[in-house]
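Okay, so here's the structure we're looking at.
The values are calculated or read from the model by the stated rules, or taken from the named source; none is laboratory data. Note that the structure is predicted; figures quoted are calculated from it, not measured. Using ideal geometry, Cβ is built from the backbone for each residue, glycine included, and neighbour counts are taken over all protein chains shown.
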Amino acid sequence: MVDEQVQVELLNKSGYSDRAINYFINKVNVGEIESPSASFSYTGPCGDTMQVQLKIDSGRITEARFQAIGCAGSYSAGSALMKIIKGKTLEQAEEISEEQILDHLGNIPPQKIHCVCLAKRTLEQTIKQYKRVRGKG
Ligand code: FES
């Protein structure tokens, strides 16, 4: 296991912002929700998988967590996206763009932009499945 300080330095050199590094190291919004309203796993073209779980109350996201088998990019993007969507309606959450996630993070290496896409797609699929199950989509 790489020492945390070394990890931070390496991520910094690779082009991750302090915020993105903090999200990855501290696993912000990572975990499971007890009795989630929606839960879905999605595997991206890179082969990495993310699972998003949401608690939804009257069409609004009250809790959002994720787990990933993926890279630092996927963790920082997942953390950012869960943070952004908390308190938003499902429709507002569906409209969050990759640019908004990247703006929130500040900086991640250009080669990791597709990891932001993994987070966005997983959320989209989670909401889609939730609506499908409830007969609203
Ligand atoms: Fe697959 Fe980052 S390389 S999510």
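Cβ-Cβ contacts under 7 Å between residues 6 or more apart (or on different chains), taken from a first residue in region 61-87 that is on the phi < 0 side of the Ramachandran plot to a second residue that is part of a loop (DSSP other than H, G, I, E, B) and among the aliphatic types (A, V, I, L, M), are listed as Glu63/Ile33; Arg65/Ile33; Gly73/Ile108; Ser76/Ile108; Ser79/Val28; Leu81/Ile96; Ile84/Ile96; Ile85/Ile96. Of the listed requirements (1) over 20 Å from Asn22 (Cα atoms); (2) in contact with a helix residue (DSSP H, G or I) (Cβ under 6 Å, 6 or more places away or on another chain); (3) in a helix (DSSP H, G or I), Gln92 misses just one: (2).
For region 40-75, a tally of residues being under 24 Å from Leu10 (Cα atoms) and either within 10 Å of the ligand (Cβ to nearest atom) or modelled with pLDDT under 95 (or both) returns 13. Sub-8 Å Cβ pairs linking a first residue in region 2-28 that is in contact (Cβ under 8 Å) with a residue 40 or more places away in the chain to a second residue that is among the charged types (D, E, K, R), at least 6 apart or interchain, are Val28/Lys83, ordered by first then second residue. Gly87 meets all of the listed conditions (1) away from the ligand (no atom under 16 Å from the Cβ); (2) exposed (fewer than 15 other Cβ atoms within 10 Å of the Cβ); (3) assigned to a helix (DSSP H, G or I); (4) not β-branched (Val, Ile, Thr) but one, namely (3).
Summed over region 100-111, the residues that are closer than 17 Å to Ala64 by Cα and either within 15 Å of the ligand (Cβ to nearest atom) or touching a Ser or Thr at 6+ places or on another chain (Cβ under 8 Å) (or both) give a count of 1.
Restricting region 112-137 to residues that are in contact (Cβ under 8 Å) with a residue 24 or more places away in the chain and either outside any helix (DSSP H, G or I) or polar (S, T, N, Q) (or both) leaves a set whose member that is farthest from the ligand (Cβ to nearest atom) is Gln129.
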